[in-house]
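Data block below; observations after.
The values are calculated or read from the model by the stated rules, or taken from the named source; none is laboratory data. Since the model is a prediction, treat every value here as computed from it, not as a measurement. Glycine gets a Cβ as well: all are built from the backbone with ideal geometry, and neighbour counts include every protein chain shown.
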């Protein structure tokens, strides 16, 4: 019950966000960023509300939400593992890291989140941490010069912590 | 400085005469530069890259987005550019569902045409596109993303010309696609079915829904008396498909062809247009004299009606309650023909030939059915009838014209000009003139309301009265006038709205056309028909008079209302699930409360209502007895905020009222 | 060549902990905390970040402890700099701090084990004055980056900060500012190298009153992080550059558009803008003039194409970041249809130097056509990776061999064999050993089919397959193509498919021809620069490494032995001891042989999975 009531206040959150950005359609992207921060993804009904509140066609809001890779329309896992696949990381073996982590979590390029929504594995084009190549970001912490073994060990740590 | 300025295209000196871009200059000179995404009435998009030309000193630039400058030396077809164009077309074909033989657009597909012209004999690239399901669930249009080449013409048409934005790009890169919001079907979004997207689509990605087989089914069934009726604009668009000059009137030939196809009688929707004039003008005069809601909007365009229902529910009282001519025809025909043919009502089947895709939607509105029997059984577009005629092997050019059947085939010129923007207003003005002055018009042509501007104003003096008229076409212009009306700044009495650019002559069911010239010539064709007719005012139609005498009584009578008028409803723009705010869904014993948080209600404080109710329930420990949902529309936007307590809709709902209702319901539930 | 030590004298006694992304990842925040604790414990007076009233001289008792932006030598991080001695300790961990405080800060002893070891000479280097990585650079734009506290406006002001902006607003007319930029010859550091002064002049002459300035911080090239370092390390100098741009064209509103992957840069820019507003440097009546300037910091949402000017504008307007055809140029009709100039971060960071020190000083470095210095992100198989700055026109050889310390093996050891350097990211090209003497400037690089781009330099050793490198970049561009124009959207997809065929051994002679034709068509026909340059990695590798493509296509071999499908594993009979490990691992039973005798691989059965090579402890599978 608590959880459901809190979703009522969350629904109010999107209104707060809209007000914070003056209901200005030009601020659609910051609004969507704030919505995603709040809800961890962009739920369809919230996007419809955003569209109608900003007086934008819902198709346009959907178009923006699907254009930028930062936005997601499906819930992401609790732990987000982002592998850098920039040039420097690539030439230093980021593919092997990705394979190792995906293998450990049973994920593929198409399926990026574990069914229990504990993990999401993504690649990013460049973190700008090329000096540390290959780099992996786990829950916003950057790990540099990662080997496949080390990457799997980091994942294991999280799995054990969750167990 | 008044001297003409020139540029050189492919070695020819061509004058620059105010053209927006090099492509237009070349077109003027008869040099066709290929393009998918350039249309003079849409913004420049620059995505198809086929219009690339070589300009000395600048290299390859897109001619659609390059302003002509004096002295420019342009080459439209260098080796490099030809190679690029050919590869571009190959790339498009590789990402395109090449089921050309079965494609509706195969004879008018720009992609196929260009592939032929560029000599693409083989696609060297691997086919690669993610197959997407067909969007086929609405009555008017069919969308097939597998044939979409992402030129964005439909997106810009819907956004810029119609001002709606049903379609937009989603995804990125090679995953881009043009879809309605959230990838839903058109049926579940705010599409008004005008079909302008289909008209402008260069391939078969959006097409009018084809119902030719349904028409054949009716004709094949000997139990049915299947009749046809054709809309005004059809007669001037039809001939194009048979190589006749644009705007040629082929009413007689169509009639003959329809009879040959097996229709027992062929009528004219224009007859119903004459009825519409009488009813609508009477309604207008009554509003004026009785102090009714003004200004009055016309209601014969079904796309406009759906638009108003979705976007301007507060203006629905301003809409004329008159049905469209198609719907009036259906009602009258179903009333008269059973007696005439001596068959039960449901055995008379009406096939309506329309320049329009939205008419397909209109015909299946529940208001226009009786006991499940549709008044208009099938709506065929002009294009579909052309297909039927060609399919039946009829040599249209050789066929001898025939006259339409009576009584529903008789019309006046006033009804005919319904097919062009300004026509409805003009027809109504002709009627009003006679009604108010008692005199016949010396010159029936009200040139003030004619023209092609999307938003036209005119002030007509009729006797001692002045009628202020606004004529708009394209819904972006309708949006403009609606906002003015809402703001009380419109300064107008009568507003004519046509959703399609140019009115029905520019409808999406007409043969595919590009550029404004075609629809202007079709309009000229309709005015010619009017001029050649004997009667120019609807009230002079003897069969209209007869209908009033025998069936309808007087205009706007009870019977007239039953058969010729209708009502409107607010419509939800996006069909979606309600959001559960509080109280889990599974429990059955809960009182369902839904609060609208759509734009209009939102502005009227529905968010606070939601919060207050949640707080109230929490404070009183009632939260597990009530399931609160947030929805996006109760379709009563003009009376928001609205709440729905287990089926009871509360308008202009205050928290106190809502609380009282909820408590009352909970108590009665406990009592039970 | 370094002028860092000179600057550092101004900064008094202090300990600087590098808090760039790289060092933070290696634990520099823990190191900072440890210094705080240990210095307090040791009774050293800790002076907070100085404000205007605190004199920044060395006479004061006590030490400043500050965090800096990226110092460039990311691979040796966390870096700890101790002033005024200018000692640089590398790879410092929190556990090392007590020792450093006790020995170096209290007693003044230098701890050799934390010093940088120059592997080429075997000597320990004291700091930036003698570490070759630094001495062989010319750090001008980056000079303060890594020294001053990026979150302190007073510290920036102390370093003559905002003097140039003051000069532009108070002592110069917009036309004069544009003229000085034009004369300086500064060219855009973000890619094409368009003269900054000309861009500004174009916007200046447009009718106002509303105009915009935008700082393009959407640095998305894989393998480039110069802009990140500047925004993180010296945000005020970027703000100052944007202010001068606003003055030059008469704009009263501006944006920083920073990619979302750089949260620290966003945070620091936001703080810097707030501080400057609070101080009256931004906002109304700047420097007592009638001019106003409001700056917003906007975070991108993950789209590489937004680095393209028109796409960036669309993104600020809340739209899909899709480029629009030029003309009209943003300088004529940009954000909300108003005249707008967009400059890259490094360009703007250079602007205050040009205004403050004048044209001659700026032109002292670099070439006639391309004056000044340029930062590069040096990465890949090179000994010293990191952020570097050298004068325009410096040769690639100097950068790779001298600053970078030469090519490494895969495991990072020196002595690798140079194969190629990729410059300019996905829009650039790969250059060969023969081209190492190419000067790094716009024209020279363009001539050889590469471009300065945003300045990523990725060094590759001979274990790199050039087809795969082309494939890597094509994958990137294909992912990041906005999808608007046909050639980029479909063309990159098909180029990738053709490269797939080559890598997988399914290519024929026609594949190569088609790839080349397609690459040309895409570069001719695409709408924006992203698309037009997308084929560059393919075209340049086709040009310089054609034999490698041909080996893949005609001989079905990968010379670098990277393409699994083209491997033909054989067992070196001399090395094989016949242990049978490979045979046991082989999933298809393609390996046979008697025990303790050399084994053989049946080529007909082999699926080239590589399991045998992994299993062999004697490197006998080749």
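The requirement of being surrounded by fewer than 24 Cβ atoms within 10 Å (Cβ to Cβ), in a loop (DSSP other than H, G, I, E, B) and within 12 Å of chain A (Cβ to nearest Cβ) is fulfilled nowhere in the stretch C:355-364; no residue meets it.
Among the criteria (1) more than 11 Å from every other protein chain (Cβ to nearest Cβ); (2) surrounded by 23 or more Cβ atoms within 10 Å (Cβ to Cβ); (3) in a loop (DSSP other than H, G, I, E, B), the one residue C:474 does not fulfil is (3). Within the stretch C:584-599, being in contact with a strand residue (DSSP E or B) (Cβ under 6 Å, 6 or more places away or on another chain) and within 11 Å of residue C:621 (Cβ to Cβ) holds for C:591, C:599.
Could you say whether any residue in the stretch C:457-466 is away from every other protein chain (no Cβ under 12 Å) and either out of contact with any strand residue (DSSP E or B) (no Cβ under 6 Å at 6 or more places or on another chain) or farther than 30 Å from residue C:366 by Cα (or both)? Looking for residues that are away from every other protein chain (no Cβ under 12 Å) and either out of contact with any strand residue (DSSP E or B) (no Cβ under 6 Å at 6 or more places or on another chain) or farther than 30 Å from residue C:366 by Cα (or both), one finds at least one in the stretch C:457-466, hence yes.
Screening C:521, C:507 for residues that are in a loop (DSSP other than H, G, I, E, B) and crowded, with 22+ Cβ neighbours inside 10 Å leaves exactly one candidate, C:507.
Taken together, the criteria exclude residue A:66 from residues that are within 11 Å of chain C (Cβ to nearest Cβ), in a helix (DSSP H, G or I), surrounded by fewer than 19 Cβ atoms within 10 Å (Cβ to Cβ) and free of Cβ contacts under 8 Å to residues at least 12 places away in the same chain. For the stretch B:26-48, taking the residues that are more than 17 Å from residue B:201 (Cα to Cα) and part of a loop (DSSP other than H, G, I, E, B), the one that is nearest to the other protein chains (Cβ to nearest Cβ) is identified as B:33. As a summary of the residue check, residue B:549 satisfies the conditions (1) farther than 20 Å from residue B:236 by Cα; (2) in contact with a helix residue (DSSP H, G or I) (Cβ under 8 Å, 6 or more places away or on another chain) except for the one numbered (2).
Taking residues in the stretch B:83-95 that are more than 7 Å from chain C (Cβ to nearest Cβ), and partners anywhere that are in a helix (DSSP H, G or I) and surrounded by fewer than 23 Cβ atoms within 10 Å (Cβ to Cβ), the pairs with Cβ atoms closer than 6 Å and at least 6 places apart or on different chains are B:89/B:114; B:89/B:115. Being at pLDDT below 70, more than 10 Å from every other protein chain (Cβ to nearest Cβ) and more than 22 Å from residue A:17 (Cα to Cα): is that true of residue B:635 here? It is true that residue B:635 is at pLDDT below 70, more than 10 Å from every other protein chain (Cβ to nearest Cβ) and more than 22 Å from residue A:17 (Cα to Cα).
May I ask you to list the residues in the stretch C:270-310 that are assigned to a helix (DSSP H, G or I) and within 10 Å of chain A (Cβ to nearest Cβ)? Scanning the stretch C:270-310 gives C:304, C:305, C:306.
When you look at residue B:23, is it crowded, with 24+ Cβ neighbours inside 10 Å, outside any strand (DSSP E or B) and touching a helix residue (DSSP H, G or I) at 6+ places or on another chain (Cβ under 6 Å), yes or no? When the stated conditions are applied, residue B:23 passes them. Answer yes if at least one residue in the stretch B:421-435 is assigned by TED's automatic domain parsing to the domain that holds residue B:228, more than 19 Å from residue B:278 (Cα to Cα) and either assigned to a strand (DSSP E or B) or in contact with a strand residue (DSSP E or B) (Cβ under 7 Å, 6 or more places away or on another chain) (or both), and no otherwise. No: the stretch B:421-435 contains no residue that is assigned by TED's automatic domain parsing to the domain that holds residue B:228, more than 19 Å from residue B:278 (Cα to Cα) and either assigned to a strand (DSSP E or B) or in contact with a strand residue (DSSP E or B) (Cβ under 7 Å, 6 or more places away or on another chain) (or both). Just to be sure, is residue C:182 touching a strand residue (DSSP E or B) at 6+ places or on another chain (Cβ under 8 Å) and outside any loop (DSSP other than H, G, I, E, B)? Spelling it out, residue C:182 is indeed touching a strand residue (DSSP E or B) at 6+ places or on another chain (Cβ under 8 Å) and outside any loop (DSSP other than H, G, I, E, B). Just wondering, is there one or more residues in the stretch C:493-509 that are within 7 Å of chain B (Cβ to nearest Cβ) and over 19 Å from residue B:125 (Cβ atoms)? Checking the stretch C:493-509: not a single residue is within 7 Å of chain B (Cβ to nearest Cβ) and over 19 Å from residue B:125 (Cβ atoms).
Which of the residues spanning the stretch B:56-67 are out of contact with any helix residue (DSSP H, G or I) (no Cβ under 7 Å at 6 or more places or on another chain) and either more than 12 Å from chain C (Cβ to nearest Cβ) or in a loop (DSSP other than H, G, I, E, B) (or both)? Residues satisfying the conditions are B:56, B:57, B:58, B:67. Confirm whether residue C:352 is within 26 Å of residue C:225 (Cβ to Cβ), within 14 Å of another protein chain (Cβ to nearest Cβ) and crowded, with 24+ Cβ neighbours inside 10 Å. Here the answer is no, as residue C:352 does not meet what is asked. Of the residues B:99, B:77, B:108, B:65, the single one that is at pLDDT below 95 and under 16 Å from residue B:515 (Cβ atoms) is B:108.
Please go through the stretch B:141-155 and give me each residue that is under 16 Å from the mean Cα position of the chain (by Cα) and part of a helix (DSSP H, G or I), ordered by number. Matches in the stretch B:141-155: B:154, B:155.
So in the stretch C:24-49, with the set limited to residues that are within 14 Å of another protein chain (Cβ to nearest Cβ), at pLDDT below 85 and in contact with a strand residue (DSSP E or B) (Cβ under 8 Å, 6 or more places away or on another chain), which one is farthest from residue A:144 (Cα to Cα)? Out of the qualifying residues, it is C:24. Filtering the stretch A:73-107 to residues that are outside any helix (DSSP H, G or I) and touching a helix residue (DSSP H, G or I) at 6+ places or on another chain (Cβ under 7 Å) leaves A:73, A:79, A:81, A:83, A:84, A:85, A:86.
Results for (1) outside any strand (DSSP E or B); (2) within 22 Å of residue C:427 (Cα to Cα); (3) modelled with pLDDT of 95 or more, shown as yes or no for each residue.
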position	(1), (2), (3)
C:207	yes, no, no
C:213	no, no, yes
C:219	yes, yes, no
C:224	yes, yes, no
C:228	yes, yes, no
C:241	yes, no, yes
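Test residue C:453 against the criterion of being in a loop (DSSP other than H, G, I, E, B), more than 9 Å from chain B (Cβ to nearest Cβ) and surrounded by fewer than 24 Cβ atoms within 10 Å (Cβ to Cβ), and give yes or no. Here the answer is no, as residue C:453 does not meet what is asked.
For residue C:314, indicate whether it is within 11 Å of chain A (Cβ to nearest Cβ), under 27 Å from residue A:122 (Cα atoms) and at pLDDT 95 or above. So residue C:314 passes the test.
Tell me yes or no: at least one residue of the stretch B:242-253 is under 30 Å from residue B:187 (Cα atoms), in contact with a strand residue (DSSP E or B) (Cβ under 9 Å, 6 or more places away or on another chain) and in contact (Cβ under 8 Å) with a residue 40 or more places away in the chain. No - not one qualifying residue is present in the stretch B:242-253.
Taking the stretch B:158-267 as the region of interest, the strands (runs of 3 or more DSSP E) fully inside it that hold 2 or more residues being under 17 Å from the mean Cα position of the chain (by Cα) are B:206-208.
Here residue B:289 passes the criteria (1) part of a helix (DSSP H, G or I); (2) at pLDDT 95 or above; (3) over 28 Å from residue B:572 (Cα atoms) except the one numbered (2).
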